[in-house]
Amino acid sequence: MESKLNVPLSPDKRTSGTRKKSFNREANLTGWLFVSPMAIGFVVLLLGPLLLALYMSFTDWPLLGEAEFIGLENYRAIFQDAEFWRVVGNTFTFSAGLVPLNIVLALGLALLLVRKLPGIGIFRTAIFVPVMTSLIVWAIVWKYLFATDTGFINQILQMFGITGPSWLYNPKLAMPVVIVTSVLKNVGLNMVLFIAALQQVPVHLYEAARIDGASRTRQLFQITIPMISPTVFLTTLLTIIGSLKVFGQIYVMTQGGPDNSTKVLVYYIWERAFKNFEFGYASALAFVLFFIILVFTLLQWQFRKRWVFHEE
């Protein structure tokens, strides 16, 4: 019996197969043309600079001179740099103050504003407006509000006979002031995410809880927070990453002072690169920050199953 594989194809079938191959080739080409702008942008604007920065981190590059390859010397110098460890401490202090305050305040506002009441949209908009405001403009406004002699905050305190402190010139007060202004700037974004999550919680769960006599506090911790835990995890992760990359408000309000009390890691990278022109050292600092963020993200991702009770 002659095998079907040895039977020659008819001219019609050969034409059909050729057309199918041509169609697949055109479909592949069309797909690559559609994704090519993004692929080119990724290579030119992200991957290329990233690889260049990695190479720079292994060099002694004073910008105006020749780059000299020095291997891991920059990374060795970083871990022997006393100022680096203080800057890392300041960065973690900023994150430790901002993240819980932001999450708790955003969740509290969401619980208040999730209700469908007349005019509730005005309050939601008012809290979200700072998110759309320029960070530099926001920081400049708060810098003048916290000014020592003519600032609005101290003027209010003076009306009650209280002499206001030098908020931004006191090493113990400068960091809390920057944390509070940063929370007020971004709390609206997390609030919107929490409102969206709260609106997805089934109402019958609360009805069953009320029939069983559960208090509002117990409903919050036994129903609400477990049901929105994926959103809590997401907002916490994004807020931590954002806090580790803080720069704009530090640059405008304190310039890292007083006495380096608000100098954080990104500001230190900028200072080393654009004030001291130590591009190799600054690039190495940037990759240290990258690995710090990567470690935090991986740890949170590994522990998410303990924190996230409801994940699809």
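Details
- So LYS116, is it among the charged types (D, E, K, R) and part of a loop (DSSP other than H, G, I, E, B): yes
- Lone unmet requirement of (1) under 23 Å from the mean Cα position of the chain (by Cα); (2) farther than 30 Å from VAL114 by Cβ for THR236: (2)
- Considering the stretch 86-95, and only residues there that are of a type outside the set (Phe, Trp, Tyr) and surrounded by fewer than 16 Cβ atoms within 10 Å (Cβ to Cβ), the residue that is farthest from the chain's Cα centre (by Cα) turns out to be ARG86.
- Within the option set GLU271, GLU278, being in contact (Cβ under 8 Å) with a residue 24 or more places away in the chain and more than 15 Å from the chain's Cα centre (by Cα) holds for one residue only, GLU278.
- Any chance TYR251 is at pLDDT 90 or above and open to solvent by less than 40 Å² (accessible area, probe 1.4 Å): no
- Entry remark, the stretch 164-177: residues being part of a loop (DSSP other than H, G, I, E, B), at pLDDT 90 or above and either more than 30 Å from VAL87 (Cα to Cα) or open to solvent by less than 60 Å² (accessible area, probe 1.4 Å) (or both) number 4 in total.
One line per residue, one yes/no per condition, for (1) open to solvent by less than 70 Å² (accessible area, probe 1.4 Å); (2) among the basic types (Lys, Arg); (3) without any contact (Cβ under 8 Å) to a residue 24 or more places away in the chain; (4) in the same structural domain as LYS245 (by the TED database):
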position	(1), (2), (3), (4)
PHE23	no, no, yes, no
LEU63	no, no, no, no
GLU83	yes, no, no, yes
GLY97	yes, no, no, yes
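- Enumeration of residues in the stretch 132-161 that are part of a helix (DSSP H, G or I), open to solvent by less than 50 Å² (accessible area, probe 1.4 Å), farther than 17 Å from ILE179 by Cβ and in contact with a helix residue (DSSP H, G or I) (Cβ under 9 Å, 6 or more places away or on another chain): ASN154
- Pairs linking a residue in the stretch 285-307 that is of a type outside the set (A, V, I, L, M, F, W, C) to a residue that is open to solvent by less than 100 Å² (accessible area, probe 1.4 Å) and assigned to a helix (DSSP H, G or I), with Cβ atoms under 6 Å and 6 or more positions apart or on different chains, are GLN300/LEU237; ARG304/PHE233.
- Against the conditions (1) touching a helix residue (DSSP H, G or I) at 6+ places or on another chain (Cβ under 6 Å); (2) surrounded by fewer than 19 Cβ atoms within 10 Å (Cβ to Cβ), MET191 satisfies every one except (2).
- Among helices (runs of 4 or more DSSP H) entirely within the stretch 203-312, having at least 2 residues that are touching a Phe, Trp or Tyr at 6+ places or on another chain (Cβ under 6 Å) and more than 20 Å from ALA53 (Cβ to Cβ) singles out 229-244, 304-307.
- Only one of the listed residues (THR217, THR235) is at negative phi, open to solvent by less than 60 Å² (accessible area, probe 1.4 Å) and not hydrophobic (A, V, I, L, M, F, W, C). That residue is THR235.
The values are calculated or read from the model by the stated rules, or taken from the named source; none is laboratory data. Being a predicted model, the structure only gives us computed values, none of them experimental. Note: ideal-geometry Cβ built from the backbone for every residue, glycine included; neighbour counts use all protein chains shown. Just the protein is used for accessible areas: all its heavy atoms, side chains included, with ligands, DNA and RNA removed. Shrake-Rupley method; radii C 1.70, N 1.55, O 1.52, S 1.80 Å.
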